Every structure is written in C-alpha cells, then in structure tokens.
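Here is the structure we will look at, set down as structure tokens.
The values are calculated or read from the model by the stated rules, or taken from the named source; none is laboratory data. No experiment lies behind these values; they were computed from the predicted model shown. Using ideal geometry, Cβ is built from the backbone for each residue, glycine included, and neighbour counts are taken over all protein chains shown. Only protein heavy atoms, including side chains, enter the accessible area calculation; ligands, DNA and RNA are left aside. Shrake-Rupley method; radii C 1.70, N 1.55, O 1.52, S 1.80 Å.
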Amino acid sequence: MTDRINEFETDAAIFKFLAAFYSVNPSEEILQAARELSETVEGDELQDCIDNLRRGENILELKQDWTKLFRGVSPEYGPTPPYEQLYTGEDLLALLKELAQSYTEAGFDASGERQDYIGTELAFLSFLAAEAAKALRNGDEALAEEYAERFESFFTAHPGRWFPAFRKTAASHASTGFYKGAMALTEFSLT
C-alpha cells in the first residue's frame, strides 16, 4: 500500500509542478524548482526535457515567452492559447459545464482560470492524485480507487487528448528552452 501512496503522491507533485508552468507567470521560485530537478533520469527524451528546464535563462525572456505561448495575445504573435475547446472544437458551453461538474463532484476549486485551460486541467489531475493518496493513508481503499478512476478518465478524455496538438503548434513559437522543455515534459507526462 505504501508504494501506491507514493505513486499517487508523485503524480500529485508532478502535475502540480506542470500546472505552475502554465498558470503562474515565471518567477525565481519556479526557476529554482526546475534547477533542482534530478540531473540524471532514465530516457533520452525525458533527459532533454529536464536539461531544457535547467537552463539559466533570463527571467524577462521567460515572462515574454510565457505571455506569447499561453495567453493568446495575437494570432500573429503566438499560438492559439492552451484552452481545450480551441483544440477540440467542442461546444464551449457544453464543455465548460462538463468540466465544472467534474471539478465540483470531486471537490476541486477551479476558480481563477477558465475551466478548460491546461493549467486548470493539470491542477485537477494533481488534486485527484493527492486525494487518492490521502484516502489510502486514511485506509479508505474504495475512495482511493474512485479518485484513481476519475484521474484516468479525466486524463484520457481531456488533456491527454488535446495537449499534443497544442504543443505541436506552440513549439515553433517558443523562444526559450525552458518553455520548450516545459511543454515537452507535459506531453511526456500525458502519454
């Protein structure tokens, strides 16, 4: 059981870290957290992601890249921003209603950002994994399994389905290795 708790806690930490890339304008704290990532990981693709994140890039350049990549300033300036509806073409109101229902039923507070934003969806995955770990620590295996099933279902139906299309579009607009690495790490974690 301890292994399963550790697995859920690891997933919660990873998805919380990933959500911060999209939801928080870059800061020294985020850069420091990226620098502290392990220098050696298994797999060349993952190592490339980590190496890009650990670069010592200028904070102003990172802030400009973050705005260009994730805020949809202008079609001439950057990619279509990372909102699920813009990549799936689904009816916006129906999608937002579905997401809001998923968030509410699980007890997740999604205020502060649009429901279908990649940062919100990744934060929700982090929440679900943390709740599964908490349920297991409290001895409630049925509740832990419910959270694990919600995690898998949401993961597949939402960011796992549309994020690769965003990354493909955004990669050519990224000016910094840091955000190339962040997007690559996100896609790696979703596949």
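Just for helices (runs of 4 or more DSSP H) wholly inside the stretch 99-191: which have at least 1 residues that are over 30 Å from ASP3 (Cβ atoms), of a type in the set (Lys, Arg) and open to solvent by 50 Å² or more (accessible area, probe 1.4 Å)? Break it down stepwise before answering.
Values: elements: 118-137, 141-157, 159-171, 177-190.
Per the criteria, 159-171, 177-190.
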Checked the stretch 86-95 for anything touching a residue at least 12 places away in the same chain (Cβ under 8 Å) and either open to solvent by less than 40 Å² (accessible area, probe 1.4 Å) or under 14 Å from LYS168 (Cβ atoms) (or both); matches are TYR87, LEU95
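Please give the helices (runs of 4 or more DSSP H) falling wholly within the stretch 1-70 in which 2 or more residues are modelled with pLDDT of 90 or more and surrounded by 16 or more Cβ atoms within 10 Å (Cβ to Cβ). Working first, answer last.
Values: elements: 2-23, 28-35, 44-53, 59-70.
Result: 2-23, 59-70.
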Flagged in the stretch 113-124 as free of Cβ contacts under 8 Å to residues at least 40 places away in the same chain and not charged (D, E, K, R), in numbering order, are GLN115, PHE124
